[in-house]
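Chemist: The structure is given below, and queries will be raised subsequently.
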Amino acid sequence: MRVLILDSNVDYTQRLKHYFEKKYSSFQLSICDNYDAAKKLMDDEKFDIVLFDSLFDEIDEEKIDNIKKHSAFAYLASTNEIVNDQDTIYKYRSITELYNRMCKLYEKKTNRVILQNKNGGEIDETEEITEIITFLPVHGGAGSSTMAAAYAIKLAKEHSVLYINLEQRPSDSVFFKSDTKKSITDIIAILKTKYTDSSVYKLLKEVIDEDRQQQYSKVSFIKGYKNILDCCSMTEQCLGAMLKVLKEKFDYRYIIIDSDYIVGGIMQKTIELSDKLVFVISGSDLSSIKMNQMRRYLDVIKRETEEEMPDNYILFNQYYGMDNEAEVSKDMVVLGRLARYRTDDKSRITSQKIIDILSTAVHIQVSTT
């Protein structure tokens, strides 16, 4: 795989090239310290991945769009901030972490999974992937359900998307409408029996419906629990089996999970099965305390599990500023800061109006970092 890196810090790029190619022989890195040299290389050769240092963020959007037609593109940044709404990789990570981020960047561009062979790290590509993105509230009233629904609607303009509500008190009926009467409760019922993948697939085809409410894109979704007590029937095995069939038997590019943050087996299983976690938070002092408590829980899961943890993102919603933002968002990618919602005519703002604003005007990008 061919990678082009544009970075004015020659010491950094030389060290990166040396250690990267030593460990991952299938990656060939070309490095430049100025845009003209990088452009000449791109004119002469085809690169699978192109990375620009964030200091080159003033290169016009048309040039970046032209690069993205042929290569997976991202900025290299010295902070966890997203640069110019583009995919952004935090540059001061370990070689292994940078390799994993580059692989994910390439997978996103090509919709294919990269695997290492057993014989020395050469690269294989497999079938199109399904990515699971879970939205979690840091505290009550953070607006994670609204963000999850808005993001699902936005993604569905270009991709096949499935939204699943796993809240104890589901809110999907506010955002999505359908004629089906079946819900995740019916899925749990069959998973409690001696089921087969084919029988689960057949039921899922009946439960999944396409939204009838949104005007701009069509989201497939699974209704939440019929009764709050039904959540007690959900087990880690049921959740794992459902997502396994959804990933293997359906062709959704993204599965968006809207979940409560309730510590327990289901929460841990959801985290383990997710590719990305998006934490939604406001700027209050209370939210800062809650985020620190949540971070400690994530650290415990990381120590207990042998699996790689999903990437963590944070979205400040109804934000009005906080003094310790850098500490709160430590080791997380900041997706953005959304101010309190307002309407031009100062009338009461409805949930549907918020969805319309977020899914059309606000760029919520869960990028490769």
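Chemist: Answer yes or no as to whether Ile289 is free of Cβ contacts under 8 Å to residues at least 60 places away in the same chain and over 18 Å from the mean Cα position of the chain (by Cα).
Modeler: In short, yes.
Chemist: Separate question: Does Ser25 meet the test of being touching a Gly at 6+ places or on another chain (Cβ under 7 Å) and either outside any helix (DSSP H, G or I) or surrounded by 20 or more Cβ atoms within 10 Å (Cβ to Cβ) (or both)?
Modeler: Taking the combined requirement at face value, the residue satisfies it.
Chemist: Also, I was wondering about something else. Checking the condition buried (at least 16 other Cβ atoms within 10 Å of the Cβ), closer than 26 Å to Gly140 by Cα and either modelled with pLDDT of 90 or more or not aliphatic (A, V, I, L, M) (or both), which residue from Ile184, Ile208, Ile153, Ile188 passes?
Modeler: Working: Ile208 fails: closer than 26 Å to Gly140 by Cα; Ile153 fails: either modelled with pLDDT of 90 or more or not aliphatic (A, V, I, L, M) (or both); Ile188 fails: closer than 26 Å to Gly140 by Cα.
Result of the check over Ile184, Ile208, Ile153, Ile188: Ile184.
Chemist: Just wondering, is there one or more residues in the stretch 266-281 that are charged (D, E, K, R) and outside any helix (DSSP H, G or I)? Lay out the reasoning, then the answer.
Modeler: We begin by selecting, within the stretch 266-281, every residue charged (D, E, K, R); these are 269, 272, 275-276.
Then keep just the ones that are outside any helix (DSSP H, G or I); that gives 275-276.
Yes, there is a match, as at least one residue in the stretch 266-281 is charged (D, E, K, R) and outside any helix (DSSP H, G or I).
Chemist: Among (1) touching a Gly at 6+ places or on another chain (Cβ under 7 Å); (2) open to solvent by less than 20 Å² (accessible area, probe 1.4 Å), where does Leu162 come up short?
Modeler: The failed condition is (1).
Chemist: Also, quick follow-up: Cβ-Cβ under 6 Å, sequence separation 6+ or interchain: first residue in the stretch 230-245 and of a type outside the set (Val, Ile, Thr), partner not in a helix (DSSP H, G or I). Which pairs?
Modeler: Close Cβ pairs (under 6 Å, with a partner that is not in a helix (DSSP H, G or I)) amount to Cys231/Gln168; Cys231/Tyr225.
Chemist: Give the residue, chosen from Ile31, Ile67, that is among the aliphatic types (A, V, I, L, M), more than 24 Å from Arg337 (Cα to Cα), open to solvent by less than 80 Å² (accessible area, probe 1.4 Å) and assigned to a helix (DSSP H, G or I).
Modeler: Being among the aliphatic types (A, V, I, L, M), more than 24 Å from Arg337 (Cα to Cα), open to solvent by less than 80 Å² (accessible area, probe 1.4 Å) and assigned to a helix (DSSP H, G or I) holds for just one of Ile31, Ile67, which is Ile67.
Chemist: Testing Val219 on (1) touching a residue at least 60 places away in the same chain (Cβ under 8 Å); (2) out of contact with any helix residue (DSSP H, G or I) (no Cβ under 8 Å at 6 or more places or on another chain); (3) closer than 27 Å to Lys108 by Cα, one condition comes back false. Which one is that?
Modeler: Going through the list (1) touching a residue at least 60 places away in the same chain (Cβ under 8 Å); (2) out of contact with any helix residue (DSSP H, G or I) (no Cβ under 8 Å at 6 or more places or on another chain); (3) closer than 27 Å to Lys108 by Cα, Val219 breaks only (2).
Chemist: For Gly120, are the conditions met, namely being over 27 Å from Met267 (Cα atoms), open to solvent by 30 Å² or more (accessible area, probe 1.4 Å) and modelled with pLDDT under 85? Give the steps one after another, and end with the answer.
Modeler: Numbers: over 27 Å from Met267 (Cα atoms): yes; open to solvent by 30 Å² or more (accessible area, probe 1.4 Å): yes; modelled with pLDDT under 85: yes.
It is true that Gly120 is over 27 Å from Met267 (Cα atoms), open to solvent by 30 Å² or more (accessible area, probe 1.4 Å) and modelled with pLDDT under 85.
The values are calculated or read from the model by the stated rules, or taken from the named source; none is laboratory data. All values reported here derive from a predicted model rather than from experimental measurement. Cβ sites come from the backbone with ideal geometry, for glycine too, and all protein chains shown count toward neighbours. SASA here: full protein model, heavy atoms, side chains in, ligands and nucleic acids out. Shrake-Rupley method; radii C 1.70, N 1.55, O 1.52, S 1.80 Å.
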